[in-house]
Amino acid sequence: MYAQMIKSEGTKREDMSPQELAFQARIDRGEKIEPKEWMPEGYRKTLIRQIGQHAHSEIVGQLPEGNWITRAPTLERKAILLAKVQDEAGHGLYLYSAAETLGVSRDELFEKLHSGAMKYSSIFNYPTLTWADMGAVGWLVDGAAIMNQVPLQRTSYGPYSRAMIRICKEESFHQRQGYSIMMTMAKGTPAQKDMAQDALNRFWYPALMMFGPSDKDSVHSEQSMAWKIKMNTNDELRQKFVNETVPQAEYLGLSVPDETLAWNEEKQGYDFAEPDWSEFFEVIKGNGPCNRERLEARVTAWDEGAWFREGLSAHAEKAAAARMAAE
Ligand code: BYC
């Protein structure tokens, strides 16, 4: 069980070598670390894990929404959704490029995704059953992604931080397009409003899970925060997301599926119910509603794209040979 995994407490300063101490001092001063500079092996590995999983999430994240492109209700909605799904592919590419600067190849990362050795966000293992889900995904899933990614613009690794700046700009458009769908549905016919409520009911808790396990069960938070690979704890970001999203649901006239939800004057935030963590751990172990289907889709795309990759590299080799002959 993940909850019983050994928690990394971070390297204590007294155990650090002079080189590690100097590195930590640079992080503490807010300096950016660039690809060719010295870094502790753990820092490099943690970044490859986090950036790689993030890249995989963007690519797998195209699937639940891609599912609705052919069935979007209007030409305008179809064009918007198509642009959004293409953006996710672009985000994946920025992130794979950032990971490559750490000495891992894109092929290695794909191999690890396809074999199940690397994760992608739990949220994409839930199905998108109705058009209202496109609204809920944009509003809640991209909303949660933004909450997590805005602080990551200040992360200590230069290429990751720069990728985040570009990604965040596009994510805000994604969130707005989702909310716009929810507004149309929630202010539409009673049947449309019911669909919007149903989508909120199904996506609320999976969206809360996106921030990762509660702080007491988070394995990597402490060390990742010391290295500024993460800027906030999982619970801090989850709380911030709930505080900002509940008034948005109220504006839509929809109810958050949590009877315990209440404003807490003292903490200036909402008290809310935790997601079912046993469900979360099952999903990240590969047993969510769509895990098998999502991975199969990625593996098939990889296999069916082999001829194209071979064509590209044959062309690159030919072009390089022609350049050398001309020199
Ligand atoms: N799903 O120690 P912890 C998006 C794993 S979607 C799956 O707290 P960490 C998008 C975790 O990997 C969002 N696995 O971990 C939106 C670890 O297992 P491993 C993608 C999860 O890394 C719309 C274990 O649980 N965003 O962008 O400190 C359309 C213990 O957790 C999840 C990012 O990836 C989860 N939800 O914190 C398309 C943002 N949560 O690796 C795309 C960058 C935890 O030891 N990532 N686990 O086997 C992060 O900020 C952090 O990695 C997390 C987790 C907050 C997600």
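In the range 16-325, a dipole from Cβ-located charges (positive for Lys and Arg, negative for Asp and Glu) runs towards its positive end, and of Leu152, Val219, Val141 it is Leu152 whose Cα lies farthest in that direction. The range 22-174 gives an Rg/Rh value of 1.02, both radii derived from C-alpha positions and Rh following Kirkwood.
Amide H contacts under 5 Å for Tyr157: Ile33, restricted to partners 5 or more places along the chain or on a different chain, H placed in the peptide plane at 1.01 Å from N. When peptides 18-31, 39-52 are sorted by average Cβ neighbour count within 10 Å, with the highest value leading, the order is 39-52, 18-31.
The protection proxy used here, the mean number of other Cβ atoms lying within 10 Å of each residue, ranks peptides 175-182, 98-105 as follows, highest first: 175-182, 98-105. First check a/c for the chain, with a ≥ b ≥ c the square roots of the eigenvalues of its C-alpha gyration tensor; if it is under 1.5, answer rounded, and if not, answer prolate when a/b is larger than b/c or oblate otherwise. It comes out oblate by the Cα gyration axes. When the listed pairs Lys78/Lys119; Lys119/Lys216; Lys78/Lys187; Lys45/Lys119; Lys32/Lys285; Lys119/Lys228 are checked against a 23 Å cut-off, the alpha-carbon distance exceeds it for Lys78/Lys119; Lys32/Lys285.
Quick one: length gained pulling Gln153 to Asn243 fully straight, 0.36 nm per residue minus the C-alpha distance? Kindly include the intermediate steps, with their values, before the conclusion.
On the way: separation 90, 0.36 × 90 = 32.40 nm, distance 2.14 nm.
Here the answer is 30.3 nm.
Remark: the range 288-305, residue by residue, has Karplus-estimated 3J(HN,Hα) of x, x, 10, 3, 4, 4, 5, 5, 4, 4, 5, 5, 4, 4, 5, 5, 6, x Hz, where x stands for each Gly or Pro and the curve is 6.51 cos²θ - 1.76 cosθ + 1.60 at θ = phi - 60°. Taking the Cα centre of the range 231-327 as reference, the dipole from Cβ charges on Lys and Arg (+1) and Asp and Glu (-1) amounts to some 740 debye. Taking the protein heavy atoms of the chain in the context of the full set of protein chains, the accessible area attributed to carbon and sulfur is 56 percent at 1.4 Å. In this Cβ point-charge picture (+1 for Lys and Arg, -1 for Asp and Glu), the chain has a dipole of about 800 debye about its Cα centre.
Considering the range 108-189, its Cα convex hull presents a mean projected area of 6.8 nm².
The values are calculated or read from the model by the stated rules, or taken from the named source; none is laboratory data. These numbers come from a predicted model, not from an experiment. Quick reminder, even Gly has a Cβ in these numbers, built from the backbone with ideal geometry, and neighbours come from all protein chains shown. Ligands, DNA and RNA are stripped out before the accessible areas are found, and what is left, the full protein with its side chains, is counted by its heavy atoms. Shrake-Rupley method; radii C 1.70, N 1.55, O 1.52, S 1.80 Å.
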